[in-house]
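See below for the structure under consideration.
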Amino acid sequence: MSNPQIRVRIAPSPTGNLHVGTARTALFNWLFARKNNGKFILRIEDTDIERSEEKYVQNIYDSLKAIGLNWDEGPDTGGDYAPYKQSGRTEIYDKYAKKLVESGNAYYCWCSQEELDSEKEQAQQEKKDFIYSGKCKKLPPEETKKYIQQGRNPVIRFCMPSRKLKFSDMIKGEIEFDTALTGDFVIMKSNGTPTYNFAVVVDDAEMKISHVIRGEDHISNTPRQILIYEALGLEAPRFAHVGMILAQDRSKLSKRHGATAVSEFIDQGYLPEAFVNFLALLGWSPPDEQEIKPLNEIINLFNIDKISSTPAVFEFDKLNWLNGSYIRNLPVEDITERARKYLKEYDLSSYSEEQLQAIVDAVRNNLVRLSEVRDSVSYFFGEDVDIEDEIRENILKTDQSRKILSEFTGLAGNFDYLDTEKIHEQLGEFRKQMKPLKPKDVMWAVRTALTGRTHGADLALVISLLGRDRVIKRVQNAITASV
Ligand code: GLU
């Protein structure tokens, strides 16, 4: 049964592709909602008109869906508290801002940029932090009239009471602030759009958000938000601030460390299931310490109290390990289907679905990212195969290899190409026949001639799938190239 009390949200700004940090916050909110039979809401914070773009809204939808996070209410799905994009909510912010002005908790401020700059300069000279003087708070009506006549557009500032403010964070514990250090801040800009701290309160209140789970970079905004709730006579939600995600060098995760958007990771060949599993482990760990866990199992185990209050480190090695594990363990039909997008350059019609699955299955053990499948299967396609100079020099251009390959040519005409088991046996006999040469050297020479590589799929499978003509042709090419 759904729990009407639990309503959480993710409120990304569409100013870039969905960042891993936002995705992790979304995941924790989603897990909290699903675990408690609550609702998970998607709200698009697009008040920054210049930087917000529709293509990023789409990327947010696509990335959340890709990693399995569905929302109960949102701009595309609708819901009781629509619209779910801030750009469609201007009248609502206006209404609340006026309410605050009327109750004396906010005021119009007509200060020009020059006036504010000069206040800032003065503070600098006095070596103080800049706090707005509040000079527009008690403006006589004739002054206001003058500004209106001058055509100035006012901002609306919130009257910041000066006091100690405490709140209890579900992850960080008790947090105390001195609000005197903030000054009267802007809630509505002169162009009529709300600032983040104001819009977020209005929206969270209107949308009946019960818990705000977000990154700890928003802790410093929380006192302002709590005071706005108070001034509006509304109950504030519970807050839970999650530790940041750091790169391995302990600096903030950024583009210089590699990909930072969920879609980039997915394009690079990280499986969405592996990626979301990895995200869950950034700040949370399963009670049984079994880290490889599908999302539906994580729901039951998830407990917000167990989220770490310290930063989480984004370990690429761990992500790679998890991804490799998911690649190895997905049903072969499934992984083959997903691999197709990386295999567009090959003529897949030369193989049956079963054969293609056998190929993917044969190479998947060594894949870290699924995109690597493109290179791993290349020798299964085309007539010839590229052999690197180094391999040609060190392996093929030896008397021993020449001998092995010329003997192998005879066998190549006699393989039971439709029966991999049989080919295994035939290769076994060939190794015996080539004694005293070492079995390993024998196989190496054959493998490099057929695949151009020293490692790869099971050789019997390679032989069976290449078929008689290609096997003979490649061995002969290798012999010619080795003289
Ligand atoms: N748009 C804000 C962000 O993406 C939302 C912060 C919040 O959750 O309050 O950081």
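If a residue must be of a type in the set (K, R) and more than 23 Å from K145 (Cα to Cα), how many such residues does the stretch 78-128 contain?
We begin by selecting, within the stretch 78-128, every residue of a type in the set (K, R); these are 85, 89, 95, 98-99, 120, 127-128.
Still in the list and also more than 23 Å from K145 (Cα to Cα): 85, 89, 120, 127-128.
Number satisfying all stated conditions: 5.
Give the stretch 310-343 a look and list any residue that's part of a loop (DSSP other than H, G, I, E, B) and out of contact with any His (no Cβ under 8 Å at 6 or more places or on another chain), or say none. Once the filter is applied, which keeps residues that are part of a loop (DSSP other than H, G, I, E, B) and out of contact with any His (no Cβ under 8 Å at 6 or more places or on another chain), the stretch 310-343 yields T310, P311, E315, L330, P331, L343. Per the conditions (1) exposed (fewer than 15 other Cβ atoms within 10 Å of the Cβ); (2) among the charged types (D, E, K, R); (3) touching a residue at least 24 places away in the same chain (Cβ under 8 Å); (4) more than 30 Å from F265 (Cα to Cα), the sole criterion not satisfied by D80 is (3).
So for the stretch 421-431 (the condition being closer than 24 Å to E390 by Cβ and among the charged types (D, E, K, R)), does at least one residue qualify? No - not one qualifying residue is present in the stretch 421-431. Of all residues in the stretch 172-190, exactly one satisfies the criterion of being within 13 Å of Y93 (Cα to Cα) and of a type outside the set (A, V, I, L, M), namely K189.
Considering the stretch 295-309, and only residues there that are touching a Gly at 6+ places or on another chain (Cβ under 9 Å) and in a loop (DSSP other than H, G, I, E, B), the residue that is surrounded by the most Cβ atoms within 10 Å (Cβ to Cβ) turns out to be I307. Residue selection: E372 fails the criterion of being more than 30 Å from P294 (Cα to Cα) and outside any loop (DSSP other than H, G, I, E, B).
The C-beta contact set for the stretch 236-250 (first residue on the phi < 0 side of the Ramachandran plot, second residue β-branched (V, I, T) and in a loop (DSSP other than H, G, I, E, B), distance under 7 angstrom, 6+ apart or interchain) comprises P237/I209; A240/I171; H241/I171; V242/I171; V242/I307; G243/T310.
Out of curiosity, is I213 surrounded by 17 or more Cβ atoms within 10 Å (Cβ to Cβ), within 14 Å of the ligand (Cβ to nearest atom), part of a loop (DSSP other than H, G, I, E, B) and on the phi < 0 side of the Ramachandran plot? So I213 does not fit the description; no.
Taken as a whole, the structure leaves E73 outside the set of residues that are more than 21 Å from H218 (Cβ to Cβ), surrounded by fewer than 18 Cβ atoms within 10 Å (Cβ to Cβ) and at pLDDT 95 or above.
Of all residues in the stretch 252-266, how many are touching a helix residue (DSSP H, G or I) at 6+ places or on another chain (Cβ under 8 Å), at pLDDT below 95 and not aliphatic (A, V, I, L, M)?
First, the residues of the stretch 252-266 that are touching a helix residue (DSSP H, G or I) at 6+ places or on another chain (Cβ under 8 Å): 253, 258-263, 265-266.
Narrowing the set further to residues that are at pLDDT below 95 leaves 253, 258-260.
Pick out the ones that are also not aliphatic (A, V, I, L, M) and you get 258, 260.
Residues meeting the conditions: 2.
Scanning the stretch 219-278 for residues that are farther than 30 Å from S162 by Cβ, exposed (fewer than 15 other Cβ atoms within 10 Å of the Cβ) and among the hydroxyl-bearing types (S, T, Y) gives S251, S254.
Conditions (1) within 26 Å of G243 (Cβ to Cβ); (2) within 13 Å of the ligand (Cβ to nearest atom), marked per residue:
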site: I6; (1), (2): yes, no
site: T15; (1), (2): yes, yes
site: L27; (1), (2): yes, no
site: A33; (1), (2): yes, no
site: A66; (1), (2): yes, no
site: T77; (1), (2): no, no
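Candidates are the residues of the stretch 191-210 that are under 26 Å from the mean Cα position of the chain (by Cα) and not hydrophobic (A, V, I, L, M, F, W, C); the one that is farthest from the ligand (Cβ to nearest atom) is S210. Of all residues in the stretch 237-267, those satisfying the criterion of being part of a strand (DSSP E or B) and either more than 17 Å from the chain's Cα centre (by Cα) or not charged (D, E, K, R) (or both) are R238, F239, A240, H241, V242, I245, L246, A261. Counting the residues of the stretch 354-377 that are over 24 Å from F275 (Cα atoms) and without any contact (Cβ under 8 Å) to a residue 12 or more places away in the chain gives 1. Could you look through the stretch 220-236, keep only residues that are hydrophobic (A, V, I, L, M, F, W, C) and not in a helix (DSSP H, G or I), and pick out the one that is nearest to the ligand (Cβ to nearest atom)? Per the stated criteria, the residue is A236.
Any idea how many residues of the stretch 58-70 are out of contact with any Phe, Trp or Tyr (no Cβ under 8 Å at 6 or more places or on another chain) and either part of a loop (DSSP other than H, G, I, E, B) or surrounded by fewer than 22 Cβ atoms within 10 Å (Cβ to Cβ) (or both)? So the count comes out to 7.
Taking into account only those residues within the stretch 35-51 that are at pLDDT 95 or above, of a type outside the set (D, E, K, R) and crowded, with 19+ Cβ neighbours inside 10 Å, which is farthest from the ligand (Cβ to nearest atom)? Top of the filtered list is G38.
Of the residues A457, A449, only one is over 17 Å from I359 (Cα atoms) and surrounded by 12 or more Cβ atoms within 10 Å (Cβ to Cβ); which? Show your work before the answer.
Values: A457 fails: over 17 Å from I359 (Cα atoms).
Answer to the check: A449.
The values are calculated or read from the model by the stated rules, or taken from the named source; none is laboratory data. Everything numeric here is computed off the predicted structure, so don't read it as measured data. Backbone-built Cβ (ideal geometry, glycine too); neighbour counts: all protein chains shown.
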